[in-house]
Amino acid sequence: MRIIIGGVPLRKDELWQAALSSIHRLERIDKGDVLSSRPLPLMPKQYYASVAQIEQRNLFGAAMKAQAYAALSATTPLEPFELQRRDVRPSDVLIEILYCGVCHSDIHQARGEWGNSVYPMVPGHEIVGRVAKVGGSAKKFSVGDLVGVGCMVDSCRACPSCKGGEEQYCGGHLSLTYNSTEQDQKTPTHGGYSSHIVVDESFVLRVDPKLDLRAVAPLLCAGITTYSPLKHWKIGEGHKVGVLGLGGLGHMAVKFAVAFGAEVTVISTSRSKEADARRLGAHHFLLSTEQDQVAKASCRFDFVLDTVSGSHDLNAVLGMIKLNGNLVLVGVPTEAPPIHPFSIIMPRRSVSGSAIGGIRETQEMLDFCASRDIVSDVEMIRMSQINEAYERVLKGDVRYRFVIDVAAR
Ligand SMILES: [Zn+2]
Ligand SMILES: [Zn+2]
């Protein structure tokens, strides 16, 4: 077999396979056909169109192999994995990943705890990197720019949520960064525990180089997950805010709520968190295992952000919220917590939830962080330490987010 595309002779079957999967009209072409970017006299016309598509789609970038860590099953540790990234389409950017945060949801999904896991799975949705290549029609970024990618890499772009800039609530198909599929609903997506990723520029964020890039990574999930509800409920000066749980999400909630001017109380079951809560800017600390402290806080808060993913009593938390106040859940306990109707009837209180933020709001959050010098508190690891890091996350033994230095060996 000898194939010539754009004047470059190709012999490898894998490139041919890449061509077959990328170019929809290639099913008309048999192995052994000779293609050329220059029309050959005897070549049927549709072959020329295919050649044009091949060149336009930059097929020769298709051989991009990324070095990753993947879960191959729910019960085995993550292990080194070679990943084929898609070719850079006209509106794509190729990103060389520098850092990737380790989110608790990575562990849930790698271990099949949400019942929707597909293997092999390369987790990671707190990605910071450098643009290595831009597609022909991509306008937002240049090679060398510092960028971020969060929990989603595409959406239907046509539903009311997408049109309103809240792609995270897409009513069509939302392409999550990993353990999901591209808009064709077939091609699996793989995340940031990886040397490279290819993403449509519409889902790529600008990162200010003046920030500590390692500590920017967790902003892409933990940051926006806490920033978005505080903005949505217009939290600011004059509000009493409770932050339930001081982990990866909670520590960012404290930083944002303080930056917005609220009076912030960390509510925790662990006395050992008090010093850190105050260092992060919290004005008060409430030990929720002490009944008298909980009783004294009756009807105190305008707003409580619940970041806890373990089982806990929501009725007790609701008791600390005042008339017309809100309890907003961003943590996901494995068992659904019961809520007594009286907990929300007397006085009138609301329970809501919130998921990450849209692309526009995520950029706003990153810009806000740059203007106020806000980043996450992180502990750095190498990719090969990921399994150990998972165990430590499960024990709550991290201040406050692990971040993989992707290039470190
Ligand atoms: Zn996350
Ligand atoms: Zn949509």
Exercise. Which of the residue pairs Lys273/Lys296; Lys139/Lys210; Lys133/Lys210; Lys133/Lys395 have a Cα-Cα distance greater than 31 Å in the structure shown?
Worked result: Lys133/Lys395
Exercise. Going 7 Å from the Cα of Asp208 toward and past its Cβ, which residues in the stretch 364-397 have a backbone nitrogen under 16 Å from where you end up?
Worked result: 364-376
For this session: Would you calculate the separation in nanometres between label points at Val118 and Arg278, each defined as 7 Å from the Cα along the Cα-to-beta-carbon direction?
Result: 5.1
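Starting from the Cα gyration tensor of the stretch 222-353, take the square roots of the eigenvalues, sort them a ≥ b ≥ c, and report rounded, prolate or oblate (rounded when a/c is under 1.5, otherwise prolate if a/b is larger than b/c, else oblate).
Because its axes are fairly even, with a/c under 1.5, the stretch 222-353 counts as rounded.
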Problem set entry | Centroid-to-centroid separation of the stretch 348-398 and the stretch 271-347 [C-alpha atoms, Å] | 20
Seminar exercise, completed: The size of the Cβ-based charge dipole (Lys, Arg +1; Asp, Glu -1) of the stretch 222-353 about the Cα centre, to the nearest 20 debye, is 300
Seminar exercise, completed: The extension gain from Arg157 to Ser298, computed as 0.36 nm times the residue separation minus the Cα-Cα distance, is 46.4 nm
Problem set entry | Label point at Ala316 placed 7 Å out along Cα→Cβ; residues across the stretch 246-274 whose backbone nitrogen lies under 18 Å | 246-247, 265-274
For this session: Can you tell me how much longer the chain between Leu323 and Lys65 gets when fully stretched, taken as 0.36 nm per residue apart minus their C-alpha distance, in nm with one decimal?
Result: 87.3 nm
Exercise. At what distance in nm do the modelled label points of Arg111 and Glu391 sit from each other, each positioned 7 Å from its Cα along Cα→Cβ?
Worked result: 1.2
Exercise. Can you put Ser272, Ser384, Ser161, Ser195 in order, fewest other beta carbons within 10 Å first?
Worked result: Ser272, Ser384, Ser161, Ser195
Problem set entry | Per-residue HN-Hα couplings for the stretch 158-173 [Karplus 6.51, -1.76, 1.60; θ = phi - 60°; Hz; x = Gly/Pro] | 10, 7, x, 4, 4, 5, x, x, 10, 4, 5, 9, 3, x, x, 9
For this session: Starting from the Cα of Lys140, draw a straight line to each of the aspartates and glutamates and keep only those under 19 Å, dropping any in the same chain fewer than 8 residues away.
Result: Asp87, Asp92, Glu96, Asp154, Glu167, Asp200, Glu201, Asp208, Glu361, Glu364, Asp367
For this session: Sort Phe285, Phe301 so the one with the fewest other Cβ atoms within 10 Å of its own Cβ comes first.
Result: Phe285, Phe301
Problem set entry | Within the stretch 370-409, backbone nitrogen closer than 12 Å to the virtual label 7 Å beyond the Cα of Glu79 toward Cβ | none
Exercise. Which is farthest toward the positive dipole end of the stretch 222-353 among Pro333, Met252, Leu318, measuring Cα position about the Cα centre, with Cβ charges +1 (Lys, Arg) and -1 (Asp, Glu)?
Worked result: Met252
For this session: Determine one quarter of the surface area of the Cα convex hull of the stretch 110-152, which equals its mean projected area, and express it in nm² to one decimal.
Result: 4.3
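Just so you know, all these numbers are worked out from the coordinates, no wet-lab data involved. Quick caveat: nothing in here was measured; it's all calculated off a predicted structure. Don't worry about glycine lacking a Cβ; one is built from the backbone with ideal geometry, like all the others, and counts go over all protein chains shown.
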